[in-house]
Amino acid sequence: MEIRLEDYNFFVRPSMTDMRKGSPSLAYIVQNEMKLEPFSKAVFLFCGGSRKTIKAIVWDRNGWIEIIKRLECGSSFKWPDTQEEALQVEVSNLLLLLEGYDVWRRFPVFTPRYVG
């Protein structure tokens, strides 16, 4: 079986999550707080209080896949604090996030009317 990232949606839970939680507890958060379907073809991402650990869960036909990345370099992940910042994330942004980029920083749209 081939797994293709483009076949999945990626959702981020804003703010901090207790990283002691396992897949069933995280799925409960997906269902009851994020109001999303935990058994859909989606990957759900969570970040710990220190912002050094990211945990992802995905349902795979008969069980959970749980993936953890913990930074050991002394740095921390940039992570959104509000729901507006963290709806659905593109795979390309997720890969940049894992490399250490701040994918949540957005510049406001500016539409000038006049020069000078």
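Please treat every number below as a calculation from the coordinates, not as lab data. Predicted, not measured: the structure shown is a model, and the values here were computed from it. All Cβ positions, even for glycine, are placed from backbone atoms using ideal geometry, and neighbour counts span all protein chains on display.
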In degrees, nearest 10, the alpha-carbon axis of helix 23-32 is tilted away from the dominant principal axis of the alpha carbons of the chain by 50
Cβ density ranking, 10 Å radius, fewest first, applied to Leu5, Leu45 yields Leu5, Leu45
About its Cα centre, segment 7-99 carries a charge dipole, from +1 on Lys and Arg Cβ atoms and -1 on Asp and Glu Cβ atoms, whose size in debye to the nearest 20 is 320
Going fewest to most other Cβ atoms within 10 Å around each Cβ, Cys73, Cys47 line up as Cys73, Cys47
Relative contact order in percent for the chain (Cα pairs under 8 Å, 6+ apart) equals 27
Expected vector for segment 66-83, Karplus 3J(HN,Hα) from phi with 6.51, -1.76, 1.60 and θ = phi - 60°, integer Hz, x for Gly and Pro, equals 10, 10, 10, 10, 10, 6, 10, 9, x, 9, 9, 6, 7, 9, x, 9, 10, 4
Percent antiparallel among DSSP beta bridges confined to the chain, nearest 5, equals 75
Square roots of five times the C-alpha gyration tensor eigenvalues of segment 7-99, ordered largest first and given in whole Å, equal 20, 14, 14
If amide H atoms are modeled at 1.01 Å from N in the peptide plane, then the residues at a separation of 5 or more from Phe10, or on another chain, having amide H under 5 Å from its own are Val43, Val89
For Thr82, Thr17, Thr111, ascending order of other Cβ atoms within 10 Å (fewest first) is Thr111, Thr82, Thr17
